[in-house]
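The values are calculated or read from the model by the stated rules, or taken from the named source; none is laboratory data. Since this is a predicted model, take the numbers as computed values, not measurements. Virtual Cβ from ideal backbone geometry, glycine too; neighbours counted across all protein chains shown. Heavy atoms of the whole protein, side chains included, go into the accessibility calculation; ligands, DNA and RNA do not. Shrake-Rupley method; radii C 1.70, N 1.55, O 1.52, S 1.80 Å.
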Amino acid sequence: MIVPPSARPGERTNPAGKPIRNKLLLAVPDSEFRAIRFHLQHVDLPHHLILHQPHRTVKSIHFPNSGLISLVVEMKDGKSVEAGLVGNDGAAGTPAVLGLIRTPLQEVVQIGGDGFRIRVSTLREILPTAPALRMILSRYSAGLAMQVAQTAGCNRLHKVEERLARWLLIAQDAVESGTLPITHDFLATMLGTDRPTVTLAAGLLQKKGFLEYTRGDVRILNRKKLEAFACECYAVVRQYNTSLA
């Protein structure tokens, strides 16, 4: 979700002096930010860190400064597929703030970074006196729900190479970097397919000059052409995230 900032990256810090770059926290008005600032704990978000297990009570909300968090659906047979992405323009665990204390999704860090954590109970105590923050989180949650719904349709109906292009574009938006430290095995899990299929799809995108793949890294070379090649889902997700500003 795109929201007008009340402060620029680096202008705000938590009590320990750690700079804030999360766009939701930067969008909160000064008076409301002062109410939550004391409770923001800086945390490292290393690769593969699980922030929340499915069906368990959500105890903390995480606001990434950097990195990428995946919202993953896990089945009983061990298979999994990604349902959504959270970067520094969002937060993980927001349904708990709105009254849904449990979620069926696993929240796992896929690209390492850092961010801030606040307890759900604390944030819920603050929200009645922070209408702007409540609106920001509600709108963000609505946009994320749209992303999850669109991703479900995309995973069922579109070609894997188009889905891969869509995923790379959303991931680049989230981490604000042209290079993504990801492997084919990881992409296969996120797209709900197998490694050979992803390898073929990535090879096609590389042959077209859209990206360059080296061991463990994907570098986007031509974003404009990648957007034109991707399925409609990227544009839909981007349009509705923007319209929630």
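So what's the range 76-216 giving for Rg/Rh, alpha carbon basis, Kirkwood Rh from the mean inverse pair distance? List each step's numbers first, then the result.
On the way: Rg = 17.1 Å, Rh = 16.9 Å.
The Rg/Rh ratio comes out at 1.01.
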At 27 Å minimum axial length over the Cα atoms and a Kyte-Doolittle cut of -1.0, report the qualifying DSSP H helices in the chain, or say none. 131-157
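Considering Cα pairs under 8 angstrom that are at least six residues apart, work out the relative contact order of the chain and quote it in whole percent. Kindly include the intermediate steps, with their values, before the conclusion.
Working: 472 pairs, mean separation 51.9, N = 245.
Across the chain, relative contact order equals 21 percent.
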For the range 93-107, just list the computed ³J(HN,Hα) in residue order, Karplus coefficients 6.51, -1.76 and 1.60, θ = phi - 60°, integers in Hz, with x standing in for Gly and Pro. x, 4, x, 5, 5, 8, x, 8, 7, 10, 9, x, 8, 8, 10
Overall Cα dimensions of the range 7-146, principal axis frame, Å, largest first: 48, 29, 23
If amide H atoms are modeled at 1.01 Å from N in the peptide plane, then the residues at a separation of 5 or more from Ser60, or on another chain, having amide H under 5 Å from its own are Val120
With all protein chains present, the chain has a carbon and sulfur share of its accessible area (1.4 Å probe) in percent of 53 percent
Using amide H atoms built 1.01 Å from N in the peptide plane, name the residues 5+ places from Ser66, or on other chains, whose amide H lies under 5 Å from its own. Asp114
Specify, per residue and in Å³, the volume enclosed by the convex hull of the alpha carbon atoms belonging to the range 16-94. 102 Å³
Give the Cα extents of the range 71-114 along the principal axes, in whole Å, largest first. 31, 28, 14
Give me Rg over Rh for the range 5-50, both radii from the alpha carbons and Rh done the Kirkwood way, two decimal places. 1.01
Show me, for the range 221-227, the HN-Hα J-couplings you get by feeding each phi into the Karplus relation (A = 6.51, B = -1.76, C = 1.60, θ = phi - 60°), rounded to Hz, glycine and proline as x. 9, 9, 5, 4, 6, 5, 5
Any chance you could count the Lys pairs in the chain whose alpha carbons are under 27 Å apart, treating pairs 8 or more apart or on different chains as valid? 15
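Obtain the radius of gyration and the Kirkwood radius of the chain from its C-alpha atoms and give Rg over Rh.
So for the chain, dividing Rg by the Kirkwood Rh gives 0.97.
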I'd like the distance separating the alpha-carbon centroids of the range 18-72 and the range 131-162, in whole Å. 18 Å
Of the residues Leu123, Leu221, Leu137, which exhibits the maximal mean-square fluctuation in a Gaussian network model of the chain defined by a 10 Å Cα contact cut-off? Leu221
Signed unit charges on C-beta, dipole axis of the chain, positive-most listed residue Val81, Leu40, Thr129: Thr129
His48 versus Ala16: modelled label distance in nm, points set 7 Å from Cα along the beta carbon direction: 2.4 nm
Which FRET efficiency value, to the nearest 0.05, is calculated for His55 and Thr214 with the Förster distance at 41 angstrom and r the Cβ-Cβ distance? 0.60
How large is the helix-only mean residue ellipticity at 222 nm for the chain, computed as the sum of -39500 (n - 2.57) over DSSP H runs with n ≥ 4, divided by its residue count, in deg cm²/dmol to the nearest 500? -13000 deg cm²/dmol
